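Working notes for the structure below.
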Amino acid sequence: MTLQEIMEKLKELGTEQTKKTFIRHGATEPIFGVKVGDLKNLVKHVKKDQELALSLYETGNYDAMYLAGLTVNPKLVSKELLQKWVRQAYCYSLSEYTVAGVAAESNYALELAREWIESDSETIATSGWSTYTNYLSITPDEKLDIEEIRHLLNRIETTIHQEKNRVRYTMNNFVIAVGTFVEEIHKEAYEVGENIGKVHVNVGETACKVPLATEYIKKVEARGKIGSKKKTCIC
């Protein structure tokens with residue numbers, strides 16, 4: 001399919017109800033309002049065409065940008081492209097999911113996560129924390145820098161409640177990720193979760209909730225899944 005054909009298909013699949021939902025979550029025009037499940041059905045038409053995937057992101061259309069993240073080959077993207085993408089990710093669903101998922105599976109995951117975490121931009125900082133969180137979910141423990149992760153946990157414990165809104169949300173997710181995916185320091189992450197307690201995030205007019213880190217980690221532990229890794233973090 002060509003870019004024009006994909007865009008026409010997205011327009012056809014969009015609904016006003018889904019569009020309104022995405023707008024409540026920060027998306028803006030241009031947007032058709034295509035459900036993620038329907039976007040995933042289009043992946044097979046784009047996945048083998050890297051240039052088409054990149055062109056989708058450049059349209060600035062929310063649905064197309066999200067589809068680009070599902071279809072691009074993360075091992076073929078350049079660091080410069082990811083830097084461009086993160087600057088263009090204007091809402092948290094793009095910065096925390098689309099960009100972070102691709103970055104985490106790229107060859108520059110840690111380099112970019114470390115850089116973005118320090119950004120003064122809220123959306124870029126959230127991309128950084130989410131990239132590192134996703135990286136933890138797919139990377140064997142023996143390849144992780146445990147001391148660096150421990151340092152980040154300590155940082156979160158000290159600063160999370162003073163951070164920007166969505167940064168608090170992604171920091172909390174990082175604690176959960178360490179507690180569920182990194183067996184070696186899972187107990188340390190749980191203790192940090194106990195110490196930070198409830199994390200308050202303004203989620204606007206959405207039904208989203210901020211998970212309590214300790215409760216989430218306990219549920220995963222009860223299923224005997226601590227340390228189980230995912231095959232992919234792109235979703």
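Name the residue that is nearest to Tyr190 (Cα to Cα), counting only residues in segment 222-235 that are open to solvent by 70 Å² or more (accessible area, probe 1.4 Å) and free of Cβ contacts under 8 Å to residues at least 12 places away in the same chain. Ranking the qualifying residues of segment 222-235, first place goes to Ala222. Evaluating Asn73 against the criteria (1) over 10 Å from the mean Cα position of the chain (by Cα); (2) within 21 Å of Leu39 (Cα to Cα); (3) assigned to a helix (DSSP H, G or I) leaves one unmet condition, (3). All told, Thr214 falls short of being among the hydroxyl-bearing types (Ser, Thr, Tyr), within 28 Å of Gln162 (Cβ to Cβ) and at pLDDT below 95. Figure legend. Inter-residue proximity from segment 12-37: first residues open to solvent by 80 Å² or more (accessible area, probe 1.4 Å), second residues modelled with pLDDT of 95 or more and part of a helix (DSSP H, G or I), beta-carbon distance below 7 Å, spacing 6+ or different chains. Indicated pairs: Lys35/Thr18. Pairing residues of segment 76-92 that are farther than 14 Å from Thr126 by Cα with residues that are open to solvent by less than 60 Å² (accessible area, probe 1.4 Å) and outside any helix (DSSP H, G or I), at Cβ distances under 6 Å and at least 6 apart in sequence or on separate chains, gives Val77/Ser106. Kindly indicate whether His151 is farther than 20 Å from Glu215 by Cα and open to solvent by 90 Å² or more (accessible area, probe 1.4 Å). Yes.
Quick check on Val220: is it modelled with pLDDT of 95 or more and closer than 23 Å to His25 by Cβ? No: the conditions fail for Val220. Among residues of segment 141-160 that are among the small types (Gly, Ala, Ser), none has a beta-carbon under 6 Å from a residue that is open to solvent by 40 Å² or more (accessible area, probe 1.4 Å) and in a helix (DSSP H, G or I) at least six positions away or on a different chain. Only residues that are in a loop (DSSP other than H, G, I, E, B), of a type in the set (A, V, I, L, M, F, W, C) and either on the phi > 0 side of the Ramachandran plot or at pLDDT 95 or above (or both): list them for segment 2-59, please. Matches in segment 2-59: Ala27, Ile31, Phe32, Val34.
The values are calculated or read from the model by the stated rules, or taken from the named source; none is laboratory data. Just so it is clear, the structure is predicted and the values come from calculations on it, not from any experiment. Note that each Cβ is placed from the backbone with ideal geometry, even for glycine, and that neighbours are counted across all protein chains shown. Just so you know, the surface numbers come from the protein's heavy atoms only, side chains and all, with ligands and any DNA or RNA stripped out. Shrake-Rupley method; radii C 1.70, N 1.55, O 1.52, S 1.80 Å.
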